[in-house]
Structure formats: C-alpha cells, structure tokens
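Only one structure is covered here, and it is reproduced in the block below.
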Amino acid sequence: MIKSRADSFTRKLIGETLQKHTVSRILAHFPELSVQDVQSQRMSVCGEDILLTDKAKDILSNPSFETKSKKSGYTPCYDALKQCQRQAGAEEMPLAIIHDPKENDLLAIITLEDLLKLKRLYAIAKGIL
C-alpha cells in the first residue's frame, strides 16, 4: 500500500528503471529495432509496460510485457531458476516451472536474456530476420 507521495515517487522510479532496462535489453538483442520501435510506457498509465510498434511486435512474435519489481522479492522463483542453472548442461537453457496450487496455470521462469535469444531464433526461423 502506498502511504505517501514520497513512497509513490520511489515506486514509480523503481518501475520506470525496470521498464527502461527491459527496453535496453530488447534493443541489444534486436539491433534491427530502434528506440522508436520499443519504448517504456509512462508511469501510472494503464496497459502494457513496454510499447511496441507493429514491426517490433512482428519480430518479437507479438508479446505483451508487464514488468514487476517487488521489495519483498520473488525469492522462490529465483531459487528455482538458480537450481536449474546449476543442473543444466552447457548446451541447455535453464527453465524452471513453478506452480501455485490455488492457480491453474503453470509458470515458466527463464531469464530475459534467454527469452530474447529464443525470440531471435524464432524470428530467424520464420524468416522475419
């Protein structure tokens, strides 16, 4: 719960920093895209956190990005991924599957870097790149 104006400012700054970092990683993996193609949404605006042009959506196979940073963290998710990374062979991509018994969906945890590698390979295979 946001308790003050300062708390609100701090949370927005953390969110904005994460969004901008995500944009920079996407642009690093896809030099075909420009800063006009992939942009961080302004804080407190409803909708997707990362804005994509049609070109970017095509290349990235139409994702919808929501970024979250949580002060108390996502430790169990990171722990599962770290365990998978320790066990993975040199040619394997670590992918942790997590589940909450109260939810129907299984979630796959993968690093952003590995996800972007997969997206690039997919775009190449489809002949987009």
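A compact table of results
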quantity: Cut-off under 5 Å, modelled amide H: who pairs with S40 long-range; calculated: L51
quantity: Probe 1.4 Å, protein heavy atoms only - accessible area per residue of segment 12-76 in square angstrom; calculated: 63 Å²
quantity: Residues of type aspartates and glutamates that K55 reaches as a straight line, Cα spacing below 19 Å, ignoring anything fewer than 8 places off in the same chain; calculated: E32, D37
quantity: Over 24 Å between alpha carbons, listed pairs K12/K82; K20/K102; K71/K119; K20/K68; K71/K117; calculated: K12/K82; K20/K102; K71/K119; K71/K117
quantity: Theoretical gain in end-to-end length, Q36 to M93 [0.36 nm per residue, Cα-Cα removed]; calculated: 17.5 nm
quantity: Fully extended contour minus Cα-Cα distance, from L129 to N104, at 0.36 nm per residue; calculated: 5.5 nm
quantity: Computed FRET value (nearest 0.05) for T75 with E48, which takes r as the C-beta separation and R₀ as 41 Å; calculated: 0.95
quantity: Amide H contacts of I109 (H built 1.01 Å from N, under 5 Å, at least 5 apart or other chain); calculated: A96, I97, I98
quantity: In segment 5-112, the trypsin sites (Lys or Arg not before Pro) that fall in loop regions by DSSP, at most 11 other Cβ within 10 Å; calculated: R42, K68, K70, K71, K102
quantity: Nearest-10 value in Å² for the accessible area of T17, using the 1.4 Å probe; calculated: 80 Å²
quantity: Within the chain, helix-based [θ] at 222 nm, where runs of 4 or more DSSP H residues each add -39,500 (n - 2.57), nearest 500; calculated: -14500 deg cm²/dmol
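The values are calculated or read from the model by the stated rules, or taken from the named source; none is laboratory data. This structure is a prediction, so every number in the text was calculated from the model and none was measured. Don't worry about glycine lacking a Cβ; one is built from the backbone with ideal geometry, like all the others, and counts go over all protein chains shown. Note: accessible area is taken over every heavy atom of the protein model, side chains too, but ligands, DNA and RNA are not part of it. Shrake-Rupley method; radii C 1.70, N 1.55, O 1.52, S 1.80 Å.
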